[in-house]
Amino acid sequence: MYAQLCKRLSEEAPNFEPPGQPCTFKLLLLNKCRTEFENRAQAFAAFEDKALSPDEEEKRHLAKCKMLGNIKFIGELGKLEILAESILHRCIQNLLARRAAAEHHEDLECLAQLVRTCGRVLDSERGRGLMDQYFARIETLSASRELAPRIRFMLRDVVELRRGGWVPRAAVTAEGPVPIHQLRHDDEPMPRRERERDRERDRERDSLFRGGLRSRPLDDVLAGLSLQPAAALVPPPDKLFGNGFGASRDGFRQRSAPGYYPRQSNNMHYNKHSQTNAQGNGSKESGSRAAKSRVYAAGALQDVQMRPAANSLMFTANKLSKPQPQLPLAPVQQNVLTPAFASTPPMMKESAITIKPATDKKDKPKKDKGAAKEEACRLAIEAAEAAADEEPGAALDDAAPGAAAAALRRLRALQAPDKVLRRCVGAVLERALQGPRGDAAALGGACRVARALKRQAAPDALRALVLSAHPHARLARLVAHALEHKLATLAELGAWCEAAALHALMLEALQELLELVGAERLRALYDESKLNLCAYVSGGAGGALEALEARGLAGLVPQLRVQAQLARQLAAEPAPHALYRWIKANVEPAVRQNGAFVSALVALVAEHVTEAAGSGAAGADKAALEREKGLVEAYAPLLTALLEGQPDLQLAAVYAVQVHAHHHRYPKGMLLRWFMYLYNLEVCEEDAFLRWREDVTDAYPGKGEALFQVNTWLTWLQQQESEDEEAED
């Protein structure tokens, strides 16, 4: 429910971010989820290595419930596609990391909760390889004797859940006692005593209900029943009820007889007096029978009529003992409720209620949904083929001439629902991909018709084609035309092509789009998407530059060429003032204002300083740290001149330092030293570090480990900023 609420808010909440960025609510939600996930173990830190009091045990239990609830909430967000699948995979990998057994219990509980929640979504064709690796590790852990039995069985349940197709075992709840034959397996022999007991019980039941009442004489059946007139009788607490049977034995017989259906009347209510007496008697069957007895509700207790029901044996006995006069037969009215007692006039007159026969659903004509869907898809494909022969800019509205517009008018006349229109969009794109024509006119016409039909459905249909197991040779051209007609955004295409197998498709689509819209328009689309094109090219900076130049896409990332030149300049003349003069002379101002260029510059400077000072190892001595500090102080004026008054560029510099520490596998204290260098030398302001902590992005690796190392310092920094603001006020 909460995940559905967050989905609704992410779509409808006001957005305070710049255009093209995720909404403010989604950013805040993802930041909070990331913080809760990475700090999940801090709640248990206060309860470790000591004996716990009952209050502390309760607090620890509440903290554990909160942690598992947060993990389940993260999984539900992933099921609703608020969190990307890559983030869920990263969470699972973090929880499966090798740790000591004592520290692994809470993580494995979180893992089991997360996999139970969103495992079915992740276990698709795209992520099945990773899931196989996860479950191989889970099966190994479930057999480890170092873990507690409860954790091992929990992991085995997760493995069993996947083997069962992610369908949990249904809990069967029976209403009342379960027969013994349902509890015993078919192949399990029944004990001899129980078999004899069951056969004896069956014989008694058969003799009682099947032929017992018929074979007994009428005098025996009516023995003990009072056949007196029922003028003002009040039954004793444990005697007869309204139908003339005893509360325990005979009442049970009548209700259990085949074909017994008690008649009901709309003039009757529960006999509360009889029900109370039956409950006092302590018999469950008597209480149930008393609750079902009904009498006319009128006047005082002495006026209550206790005449037996029409289907009772007493009523039959009265008719047998006292012959009734012959009365003319009244016409029988169909579907009319008559009083239950024919011989007693009704105490309350009510109009007859006529029951109308229910209409049979089979008689209603059914709509041929299949034919309507096929007709809609046929008209959509016809419109796309006609649009391919028309001018690219021809209108497709209702008032437009041409065969394409006419086919669309016929399609709109069908008033097809959104589901059918979505299928039409998919059929049009598939036809353009698989059809006989594959030229630009056919692809462009298909995209124009898809936009006119239902533009919101185009990204889903296009995504299905991109993620298909066997992509077509025309797919890159179709994607380029879809981007040109704004059926999807470049950012969406980048998200679809995150897998390494689709990187080539991403680059081919950009090549086709370059031919369609030109370099300037492609550059604007690329800048708007905030993509990192280098992530789709392997081989490092040098290999990425060569691959992009071969495809004609190097202009999208000019910082790659500048980065290569900058590395050569830094190796040839590393002096800070010489490097600054070279940047002023060779790097355009627009490139200097680019975050990628700043990240490359800071990363190169950090690598140069670390190599020159020899402080990259985990156990660097004091002299190496002093040399490192001196070199950073020498480069600080250069970095300050480029980053001063630029919050976005300062954030890029902080990320560059994070990547530098991640490249060296986070030696103890390295990231904290560089953060303090940037802050104390006034290269970056406080807001840059606080924004870095709250920012959510997948472009830079190692964010979780980096937060763990500098979280204490960031907390101190935030407190200092709050105190300064209070002092100014």
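Since every read-out is calculated from the coordinates, none of them should be taken as a lab result. Not measured: the values here are computed from a predicted model. Backbone-built Cβ (ideal geometry, glycine too); neighbour counts: all protein chains shown.
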Requested in this report: Round to a whole angstrom and tell me the spacing of the C-alpha centers of the stretch 586-637 and the stretch 394-437.
Outcome: 58
Query raised in the report: Convex hull over the Cα atoms of the stretch 565-657, averaged projected area in nm²?
Result: 6.0
Query raised in the report: For Leu717, Leu453, what's the fewest-to-most ordering of other Cβ within 10 Å of each Cβ?
Result: Leu717, Leu453
Report task. Kindly identify the stretch 2-163 as rounded, prolate or oblate by the Cα gyration tensor criterion: order the square roots of the eigenvalues as a ≥ b ≥ c, call it rounded if a/c is under 1.5, otherwise compare a/b with b/c, prolate if a/b is larger, else oblate. Result -> oblate
**Report entry** Gain in span if fully extended, Trp166 to Ala499, counting 0.36 nm per residue against the direct Cα distance
**Finding:** 117.4 nm
Query - Taking Glu81, Glu686 and counting other C-beta atoms within 10 Å, the order from fewest to most - result: Glu81, Glu686
Query - Integer Hz, Karplus 6.51/-1.76/1.60 couplings in order for the stretch 658-674, x for Gly and Pro - result: 4, 5, 4, 5, 5, 4, 8, 6, 6, x, 4, x, 5, 5, 5, 4, 5
Query - Sorted by Cβ neighbour density within 10 Å, fewest at the top, the residues Ser468, Ser599 - result: Ser468, Ser599
Report summary line: Computed over the stretch 375-454, the convex hull of the Cα set has an average projected area, in nm², of 4.5
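Give, in nm to one decimal, the length gained when the segment between Ala413 and Arg90 is fully stretched (0.36 nm per residue of separation minus the Cα-Cα distance).
Going from the current span to full extension adds 111.4 nm.
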Report summary line: Quick calc, Glu515 & Glu588: beta-carbon distance into FRET formula, R0 22 Å, rounding 0.05, result 0.30
Report summary line: Per residue, the convex hull enclosing the Cα atoms of the stretch 369-547 spans a volume in Å³ of 121
**Report entry** the stretch 599-727 shape via C-alpha gyration tensor axes, a/c threshold 1.5
**Finding:** rounded
